[in-house]
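Every number here is computed from the coordinates shown, using simple stated rules; none is lab data. As the structure is a computational prediction, the values presented were derived from the model and not from experiment. For neighbour counting, all protein chains shown are included, and Cβ atoms are generated from backbone atoms with ideal geometry for every residue, glycine included.
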Amino acid sequence: MEAATSAVYANADAIADFLSSANPKNWPQAEMRDMMKGHIDQTIVYATDELTGNYAHGIDVYDEAETHMLMLADDLSDGLIAQFPGAFR
């Protein structure tokens, strides 16, 4: 289990690093890593809750995760618009 968890977090860091390298001004590495870590943290909690029958808490955490992912999507969209303002008129 620890190896899988470590691999998931490493993958999240790799995605964050890729995004940051594509648009460092608007997607700083530390912010991208923090947002991706938050996503993984929440995913692990609600998945564990669902697998262990703690459905009410799992649903609550899933709702928080959904809100977090919508915020992340907004940040990514804002970064693209800032990087390519002429493409978004």
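At full extension, residue 52 and residue 6 could sit 14.5 nm farther apart than now, given 0.36 nm per residue minus the alpha carbon distance.
The slack in the chain from residue 29 to residue 76, taken as 0.36 nm per residue of separation less the alpha-carbon distance, amounts to 15.6 nm. In loop segments of the chain as defined by DSSP, the chymotrypsin sites (Phe, Trp or Tyr not before Pro) with at most 10 further C-beta atoms inside 10 Å of their C-beta are 88.
Which of rounded, prolate, oblate describes the stretch 2-82, given a ≥ b ≥ c as roots of the alpha-carbon gyration tensor eigenvalues and a/c under 1.5 marking rounded, otherwise prolate only if a/b is larger than b/c? Here the stretch 2-82 falls in the oblate category. Put in order of Cβ neighbour count within 10 Å, fewest first, the listed residues 19, 70, 76 become 70, 76, 19.
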